[in-house]
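Reviewing the structure listed below.
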Amino acid sequence: MKGRLTRYFFLSLGGIFVCIFAWMSFLIYLFFGRQEIPENPLTANYLKKIAVKTQINTQRVQIDSQILTYLRQQQIWLQVLNEKGEEIYSFHRPTSIPRHYAPGQLVAYQNYPTESGYHISTWYEKVDGHIYTWVTGGAPARSHKGYIPESEQYQYTTYLVAGWIVIILLIATFSAFRLGNPLLHTWSWLQQLADGDYSEPLDRKGRPRSLNRSGKIKLSYRIYREVIDSLYKLTQTLKQNEQDRIRLEKTREEWMTGVSHDLKTPLSTVKGYIEILSTEKYELDKHELDFILKTLGQRVKYMEELIHDFNLTFRLKNNALPLHKEKENIVELLRESIIDCINLPKANEYEFDLDTNTKELYDVIDRKWYKRAIDNLLGNAIKHNPPGTKIQAQLKQLDQGYEIVIRDNGKGMDHETKVRLFERYFRGTNSNQNSLGTGLGMTIAYQLIQVHGGRIHLHSNLNEGTKIVIQFTQNRG
């Protein structure tokens, strides 16, 4: 953009010079090119013309009236001298000019105009055996060819200066419009962003001011192309952040409502059983007492897990979870997670499989939290798929690192679930049961994989199953 502004400055400066030159050329043509420059009476050619138009009879001189009229207009005086240097005819001769010239005096006047105060020209011609001299003179300021009257000079100067002023004002206005409008638009845009309106200011037709009808950036805005592009990206980012904030706030409220309901249910159960145990109205046998204690234990365990998960996700978010990393065999860890899933209640309704292209693959990890992430991902596949679903964990050793793939052929996910699966507070809607899940399991799995240096990629479509790919780019074992 710096180079573009520099080029624009020099182009504007060049435009000023070109316009001024064009204006001066136009005025020169107007004042000189279109008018006929009068013939200079002080030249030899014109004096020869005067001699031709002169009639001399017995010392009586007659000159063409048109010649005299022209001399009068040009403020030129005329003398005709005989062989002795004596004046035999004069026209408008100044009093300071002599009637008789001494030898060499006329030549001195001609060569040194300051002697007489006039520019003098002479022409000699022989008529009827006698030599006559024609002398013309004029003021120095009017003696050169192409003299322009003072009135025309003043008019020319006035037009020239006025033209310069108009040209400079026009170019200044154009430059101000070209440079100022985008700056005003940028200021208005920033002010709009500061007010929470995450969109570009529009013109009267409802289009963004920086764009033309075809959706491309206007010519006057291209000088600030990088600024406009950056503002557009900032606007989109702020708009997306605001949408994410609203969605997260809504999700948090939904999560709070769901968790409050889930807490209320076990608390109601605990409260009811405590009232039963604390009253003497009921006589409980051993079987009933064992059932109550087991139920109370389940409810208390659920509430402990909820509090623990809630604390864990915020510790992960703030990088406050200490990791105790050691060299571990990832193959054995995956096998252990699959076995734990098989031992879960109703696990016999699902089909599990472990596939690996190596018997041993070591990495430096915190075994507890690494396994927690894998368990959460496998548990999510069980929780949100119907009986009969095949769940597979696959380990592939790569040239650079390794990857773990957890896939199933279950119900799959819709677009909203895919986008929000790893968000805090989000609880999926594809569950086939009324689970007491906290809504933090997938978020915790995602964060634990990240703190171990891995990345998660999700692939899923409704009724086509789900595939979660966990990639570690370097084998640190």
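Pairs of Cα atoms nearer than 8 Å and 6+ residues apart set the relative contact order; for the range 323-472 it is 24 percent. A Förster distance of 41 Å, applied to the separation of the beta-carbon atoms of Asp229 and Glu304, puts the FRET efficiency at 0.20. Taking amide H atoms as placed 1.01 Å from N in the peptide plane, the amide H of Gly453 has no partner under 5 Å among residues 5 or more positions away or on other chains.
Using the Cβ-Cβ distance between Ser96 and Tyr159 with R0 = 45 Å, the FRET efficiency computed as 1/(1 + (r/R0)^6) comes to roughly 0.75. Label positions at Gln73 and Gln192, each projected 7 Å from the Cα along the C-beta direction, are separated by 6.9 nm.
Computed over the range 44-142, the percent of Cα pairs more than 20 Å apart is 31.
Hydrodynamic analysis of the range 261-308 uses the Kirkwood radius over alpha carbon pairs. Inserted into Stokes-Einstein at 20 °C and 1.002 mPa s, it gives a translational diffusion coefficient of 188 µm²/s. Share of pairwise Cα-Cα distances greater than 27 Å in the range 323-472 is 17 percent (whole percent). Karplus-based coupling profile of the range 266-278, in residue order and whole Hz: x, 5, 5, 5, 4, 4, x, 5, 5, 5, 5, 5, 8, with θ = phi - 60° in 6.51 cos²θ - 1.76 cosθ + 1.60 and x standing for Gly or Pro. Computed from label points 7 Å out along Cα-Cβ, the spacing between Ala320 and Gln55 is 12.8 nm.
Counting 0.36 nm for each residue step from Lys390 to Lys271 and taking away their Cα separation leaves a gain of 38.8 nm.
Every number here is computed from the coordinates shown, using simple stated rules; none is lab data. All values derive from a computational prediction rather than experimental measurement. Backbone-built Cβ (ideal geometry, glycine too); neighbour counts: all protein chains shown.
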